[in-house]
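My questions will all concern the structure given below.
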Amino acid sequence: MALSGPSIFSSYSIHRFNPRLFSRRSVGISVRLRKIKRLSERFYAVSASANEVFVSPVTEKAFDFTSEERIYKWWESQGYFKPSFDRGGDPFVISMPPPNVTGSLHMGHAMFVTLEDIMVRYSRMRGRPTLWLPGTDHAGIATQMVVEKMLASEGIKRTDLSRDEFTARVWEWKEKYGGTITSQIRRLGASCDWTREHFTLDEQLSLAVVEAFIRLHEKGLIYQGSYMVNWSPKLQTAVSDLEVEYCEEQGTLYYIKYRVAGGSRNDFLTIATTRPETLFADTAVAVHPEDERYSMYIGKQAIVPMTYGRHVPIISNKYVDKEFGTGVLKISPGHDHNDYLLARKLGLPILNAMNKDGTLNDVAGLYCGMDRFEARKKLWSDLEETGLAVKKEPHTLRVPRSQRGGEVIEPLVSKQWFVTMEPLAEKALQAVEKGELTIVPERFEKIYVHWLSNIKDWCISRQLWWGHRIPVWYVTGKDCEEDYIVARNATEALEKAREKYGKGVEIYQDPDVLDTWFSSALWPFSTLGWPNISNDDFKRFYPTTILETGHDILFFWVARMVMMGIEFTGSVPFSYIYLHGLIRDSDGRKMSKTLGNVIDPVDTIKEFGTDALRFTLALGTAGQDLNLSVERLTSNKAFTNKLWNAGKFVLQNVPNITDSSSWEDILAFQFDSEKSLQALPLPEIWVVSKLHKLVDDVTTSYEKFYFNDVAREIYDFFWGDFADWYIEASKTRLYHSEDRSIVSLAQAVLMYVFENVLKMLHPFMPFVTEALWQALPHRTCAIIVSPWPETSLPRDFKMMRNFENLQALTRAIRNVRAEYSVEPAKRISANIVAGHEVLQYISAEKNVLALLSRLDLQHVHFTEVPPEDANQSVHLVAGEGLEAFLPLADMVDITAEVNRLSKRLSKMQSEYDTLVARLRSPKFVEKAPQEVVSGVREKAAEAEEKIILTKNRLDFLKSTVLVSEQLKSTA
């Protein structure tokens, strides 16, 4: 929802701000001149900071976004990002999801940085030793692709280099370009402890990865075998499910005859397939056991086309969908995930017809060596020639494509390393069941449980050169599936090999590397020193407090961290999982370069400022996607300006910093007890009570991770209550009171409320709040490390309701002024009618009412009965027992208004008659489109309502003129 509101320094507000324009009657010229002089002195007295880090509202019209980087560097130089144990408390620890070292900032990064920094800054202000641990991921596939492209531009292929030479080039690239993403994350204001920054290929983390592999292998949870994986022919490696995107694309369904062995020419089964080139790897043909069309063929043999007469069994299985295609399924276990599972269940052989580069192998006979897609075209042409092609038709496919290169992924059986997941998943499930782990939002708990309850073994090997090398060595001349050594390094591996096979043994290391997600799964504890559990950081900060990330990687990363944390440390690695949604464009579409709807966070920061971007992102609801628009950003940039202007007002209206006597008076005010609260006037007791309630509400929302509620609650209070009401009310004290204690009270309340708003808002908008905080006098520390506002402070609900009555009266008067188009500068009279108790507190704030409602202060009367000229006044009911009578003659020239309304009524009546005439025409009603007729009816109803209102007002004005004339004649 876009948020907006009026500016403090609108032309209307400036009029009120200027003491000379406030009232023509209330104070003398000499008093006004003294106040102008005092105001000028204040304006130039306050300065933000002598170190040129901060800009101040005293000197700057608006917050300067270019100062954000200076502020950030100052925070870091002061050591504010490091955990402090000064105030004690339980540590708050969060591990940053490590972005790819190849990456550049996108809105997904901006989202997680914003939310995590909100949590961190809030916890730091609450006095908890706070650690936000940053780092980057080596991103095996992505980084290798980037460097291979760089080498290609030099005319070099990866295979032209040795493995060591290639990895050396990757490290060179990383040192040169790998810091881009972290510098951009700093630009977002991330207050993480950069002295503890880690990279997944750091020596310490690499040792942890090897240790984890060895321990899992020793427990029998890591094994090697040939199984179905997602294979990338271009990258020449297995890829994880996360790196495969299924795209709906227009394809073709091919219908092919499979003759029945031993039958006549009419005995054949027609199968429908989207990948005919995989038929060379068929090991069976299946039909549904209840499909009468094919029951006579069950148990016989089918001849696979174009394979020189290779036979496969015709079997029955309920897995077959009778309604899809022809109801006949070719089973190619080597090229389809579902077929593979079915073949293993039924004991069918696994046949592979494809090489790792996407060409067909010798199983395909004459088609050997052809690219898979070229072979598809050639095969269909040959099937047509032999009469085995039945037909082909358009068909919508779910095509698996590589997230990295966009190529079509092939399901292939490949020799890989796997982790047995079921025993690990069981413990991760129990953690949620026992309440040791809480998922926010709660609805994702069901998804977490479902995935872990149906988990598959994890393929952890990748055919890359960049990454953690699998710590396995093979013995030259031995069967590598039976004879291999798992060791922490080559020296240890050689010693083990010599013990088992003799001193002359030769060994070589497995060429594969581990899946990037394997090292990431250890992130919460490997970054704190594990497996050295005596490490100070591990003892102090593990388990961590919360893991925050996108809901789309709940399975691939979050759940794996839970499993590995429990397995290796005996503890759940974090108590909470907070999942944010994805960021979409204003129309709810996924951002993509193809659609041209990508909003770049770096450009956004330059135009709107970091604070506006962060505040906009934080308004999203946990787990739900957020539609981001320029309108939202513009609105929240206006909020930044509103804060700045409020700071300007406060600073312009406090004493000179050298005026120690005045500051003693201001600082003497306390608002934390019932007694001190009850001593305040109505506007002050209202705003302080509302502030105290806000602190409690906001603190509760922070603790529950309801960050969108926090943002809206602070926004509504600051703009709707503090800026629009109290700041305006305070002007009666600041500019029209000769009582110094009243002026000091208003200054104290302005400071008290504003500084607490800044504190509560700081986690969301760190830069502008720190700049404003530094500009306020008597700040003893930076806002980033200032204590959180006290909770459970007193509030007076009765007095809050009383002020709400005053607000209702003010709104009612403002509405009437607008209704009668009264000039903003014009002061009008008013008779306020209420019971004795209400009149007491309303009349006590006569100046406030007059200022906010633009009443003539000398002609505002408070009575318990309506005035004698009530029939010549506009009557307002502001609330139960509170009314106002505004003399009409004060607001408008009655005769001129009667003439104006009469002309307007005549025009409105003419337009209404035209609409009614159309509706009475059968020709129009019967022949015009229904939506057009409905539109005319709505216009007619609206016009009729306006006519009635105008007639009522005209009658009232005429009666007023009549009464006025009667009074004149009587006189």
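Could you please find all residues in segment 355-365 being touching a residue at least 24 places away in the same chain (Cβ under 8 Å) and either open to solvent by 50 Å² or more (accessible area, probe 1.4 Å) or assigned to a loop (DSSP other than H, G, I, E, B) (or both)? Reasoning before the result, please.
Quick first cut of segment 355-365, residues touching a residue at least 24 places away in the same chain (Cβ under 8 Å) only: 356-358, 360, 363-365.
Hits for segment 355-365 are 356, 357, 358, 363.
Looking at segment 372-403 only, could you name the residues that are open to solvent by 50 Å² or more (accessible area, probe 1.4 Å) and part of a strand (DSSP E or B)?
390, 391, 392, 393, 394, 395, 396, 398, 401 - these are the residues of segment 372-403 that are open to solvent by 50 Å² or more (accessible area, probe 1.4 Å) and part of a strand (DSSP E or B).
Just wondering, is there one or more residues in segment 264-277 that are of a type in the set (Lys, Arg), touching an Asp or Glu at 6+ places or on another chain (Cβ under 7 Å) and open to solvent by 20 Å² or more (accessible area, probe 1.4 Å)?
No: segment 264-277 contains no residue that is of a type in the set (Lys, Arg), touching an Asp or Glu at 6+ places or on another chain (Cβ under 7 Å) and open to solvent by 20 Å² or more (accessible area, probe 1.4 Å).
Which ones in segment 434-474 are open to solvent by 60 Å² or more (accessible area, probe 1.4 Å), under 17 Å from residue 216 (Cβ atoms) and not in a loop (DSSP other than H, G, I, E, B)?
Within segment 434-474, just 469 meets the criteria.
I'd like to verify a number: residues in segment 492-517 that are of a type outside the set (A, V, I, L, M, F, W, C) and open to solvent by less than 90 Å² (accessible area, probe 1.4 Å), how many?
The qualifying residues number 11.
Which condition from (1) under 30 Å from residue 425 (Cα atoms); (2) modelled with pLDDT under 95; (3) open to solvent by 40 Å² or more (accessible area, probe 1.4 Å) is the one that residue 556 breaks?
That leaves (3) as the condition not met.
When you scan segment 138-157, do you find a residue that is in contact (Cβ under 8 Å) with a residue 60 or more places away in the chain, among the hydroxyl-bearing types (Ser, Thr, Tyr), open to solvent by less than 10 Å² (accessible area, probe 1.4 Å) and touching an Asp or Glu at 6+ places or on another chain (Cβ under 7 Å), even just one?
No, that holds for no residue.
Could you check, for segment 731-745, whether at least one of its residues is closer than 16 Å to residue 646 by Cβ, in a helix (DSSP H, G or I) and either in contact (Cβ under 8 Å) with a residue 60 or more places away in the chain or in contact with a Phe, Trp or Tyr (Cβ under 7 Å, 6 or more places away or on another chain) (or both)?
So far as segment 731-745 goes, yes, one or more of its residues are closer than 16 Å to residue 646 by Cβ, in a helix (DSSP H, G or I) and either in contact (Cβ under 8 Å) with a residue 60 or more places away in the chain or in contact with a Phe, Trp or Tyr (Cβ under 7 Å, 6 or more places away or on another chain) (or both).
For segment 797-814, enumerate the residues that are open to solvent by 50 Å² or more (accessible area, probe 1.4 Å) and either within 17 Å of residue 728 (Cβ to Cβ) or in a loop (DSSP other than H, G, I, E, B) (or both).
804, 811, 814
Then there's this: Out of curiosity, is residue 677 more than 20 Å from residue 58 (Cβ to Cβ), in a helix (DSSP H, G or I), modelled with pLDDT of 95 or more and in contact with a Pro (Cβ under 6 Å, 6 or more places away or on another chain)?
On the way: more than 20 Å from residue 58 (Cβ to Cβ): yes; in a helix (DSSP H, G or I): yes; modelled with pLDDT of 95 or more: yes; in contact with a Pro (Cβ under 6 Å, 6 or more places away or on another chain): yes.
Yes; evaluated as a whole, the condition is true for this residue.
Okay, next question. Is segment 956-968 home to any residue that is part of a helix (DSSP H, G or I), more than 21 Å from residue 822 (Cβ to Cβ) and at pLDDT 75 or above?
No.
When you check residue 352 against the structure, is it outside any helix (DSSP H, G or I), within 46 Å of the chain's Cα centre (by Cα) and closer than 22 Å to residue 258 by Cβ, yes or no? Give the derivation first.
Details: outside any helix (DSSP H, G or I): yes; within 46 Å of the chain's Cα centre (by Cα): yes; closer than 22 Å to residue 258 by Cβ: yes.
Criteria met by residue 352.
A follow-up question, please. Out of contact with any Cys (no Cβ under 6 Å at 6 or more places or on another chain), over 22 Å from residue 518 (Cα atoms), in a loop (DSSP other than H, G, I, E, B) and hydrophobic (A, V, I, L, M, F, W, C): which single residue out of 190, 168 fits that description?
Matching residue, one of 190, 168: 190.
May I pose another question? Tally time: how many residues in segment 653-669 are open to solvent by 20 Å² or more (accessible area, probe 1.4 Å) and in contact with a Phe, Trp or Tyr (Cβ under 8 Å, 6 or more places away or on another chain)?
Result for segment 653-669: 2.
What's the total number of residues in segment 503-548 that are in a helix (DSSP H, G or I) and of a type outside the set (S, T, N, Q)?
11
May I pose another question? For segment 771-793, which residues satisfy the criterion of being modelled with pLDDT of 95 or more, surrounded by fewer than 20 Cβ atoms within 10 Å (Cβ to Cβ) and either in a helix (DSSP H, G or I) or basic (Lys, Arg) (or both)?
785, the sole residue that qualifies.
Right, here's the next one. Taking residue 834 and the conditions (1) open to solvent by 60 Å² or more (accessible area, probe 1.4 Å); (2) touching a residue at least 12 places away in the same chain (Cβ under 8 Å), which numbered condition does it fall short on, given that it satisfies the others?
(1)
Sticking with this structure for a sec: For the subset of segment 416-433 comprising residues that are touching a residue at least 60 places away in the same chain (Cβ under 8 Å) and open to solvent by 30 Å² or more (accessible area, probe 1.4 Å), which member is nearest to residue 141 (Cα to Cα)?
Per the criteria, the residue is 420.
Of everything in segment 221-262 that's in a loop (DSSP other than H, G, I, E, B) and open to solvent by less than 50 Å² (accessible area, probe 1.4 Å), which residue is modelled with the lowest pLDDT?
Step one: list which residues in segment 221-262 are in a loop (DSSP other than H, G, I, E, B), which gives 221, 233-236, 240, 261-262.
Those still in the list that are open to solvent by less than 50 Å² (accessible area, probe 1.4 Å) too: 221, 233, 235, 240, 261.
Numbers: 221: 97, 233: 92, 235: 86, 240: 81, 261: 95.
It comes out as 240.
Let me spell it out: the conditions are (1) of a type in the set (A, V, I, L, M, F, W, C); (2) touching a Leu at 6+ places or on another chain (Cβ under 8 Å); (3) open to solvent by 10 Å² or more (accessible area, probe 1.4 Å); (4) farther than 20 Å from residue 720 by Cα, and residue 742 meets all of them except one. Which number is the exception?
With respect to (1) of a type in the set (A, V, I, L, M, F, W, C); (2) touching a Leu at 6+ places or on another chain (Cβ under 8 Å); (3) open to solvent by 10 Å² or more (accessible area, probe 1.4 Å); (4) farther than 20 Å from residue 720 by Cα, residue 742 is out only on (2).
Of all residues in segment 475-486, which are in contact (Cβ under 8 Å) with a residue 40 or more places away in the chain and either surrounded by 14 or more Cβ atoms within 10 Å (Cβ to Cβ) or more than 52 Å from the chain's Cα centre (by Cα) (or both)?
First, the residues of segment 475-486 that are in contact (Cβ under 8 Å) with a residue 40 or more places away in the chain: 481, 484, 486.
Across segment 475-486, the qualifying residues are 484, 486.
Every residue in segment 374-411 that is touching a residue at least 24 places away in the same chain (Cβ under 8 Å) and among the polar types (S, T, N, Q), please.
Scanning segment 374-411 gives 386, 396, 402, 403.
What are the residues in segment 117-156 that are in a helix (DSSP H, G or I) and among the basic types (Lys, Arg), if any?
Scanning segment 117-156 gives 121, 124, 149.
Then there's this: Given the options 102, 66, 114, name the one that is open to solvent by 10 Å² or more (accessible area, probe 1.4 Å) and part of a helix (DSSP H, G or I).
66
Do we find that residue 521 is out of contact with any strand residue (DSSP E or B) (no Cβ under 9 Å at 6 or more places or on another chain) and open to solvent by less than 10 Å² (accessible area, probe 1.4 Å) in this structure? Explain how you work it out, then say what you get.
Numbers: out of contact with any strand residue (DSSP E or B) (no Cβ under 9 Å at 6 or more places or on another chain): yes; open to solvent by less than 10 Å² (accessible area, probe 1.4 Å): yes.
Yes.
Looking at (1) touching a residue at least 60 places away in the same chain (Cβ under 8 Å); (2) not in a strand (DSSP E or B), find the lone condition where residue 338 falls short.
So the condition that residue 338 fails would be (1).
Right, another one. Can you tell me which residue among 886, 905, 851 is in a helix (DSSP H, G or I), open to solvent by less than 20 Å² (accessible area, probe 1.4 Å), in contact (Cβ under 8 Å) with a residue 40 or more places away in the chain and touching a Ser or Thr at 6+ places or on another chain (Cβ under 9 Å)?
On the way: 886 fails: in a helix (DSSP H, G or I); 905 fails: open to solvent by less than 20 Å² (accessible area, probe 1.4 Å).
Testing whether each residue is in a helix (DSSP H, G or I), open to solvent by less than 20 Å² (accessible area, probe 1.4 Å), in contact (Cβ under 8 Å) with a residue 40 or more places away in the chain and touching a Ser or Thr at 6+ places or on another chain (Cβ under 9 Å) leaves just 851.
Among the numbered criteria (1) surrounded by fewer than 24 Cβ atoms within 10 Å (Cβ to Cβ); (2) closer than 28 Å to residue 72 by Cα, which one does residue 768 miss?
So the condition that residue 768 fails would be (1).
The values are calculated or read from the model by the stated rules, or taken from the named source; none is laboratory data. Every value quoted in this text rests on a predicted model; they were computed, and no experiment measured them. All Cβ positions, glycine included, derive from the backbone under ideal geometry; neighbour counts span all protein chains shown. These accessible areas exclude ligands, DNA and RNA; they are computed on the full protein's heavy atoms, side chains included. Shrake-Rupley method; radii C 1.70, N 1.55, O 1.52, S 1.80 Å.
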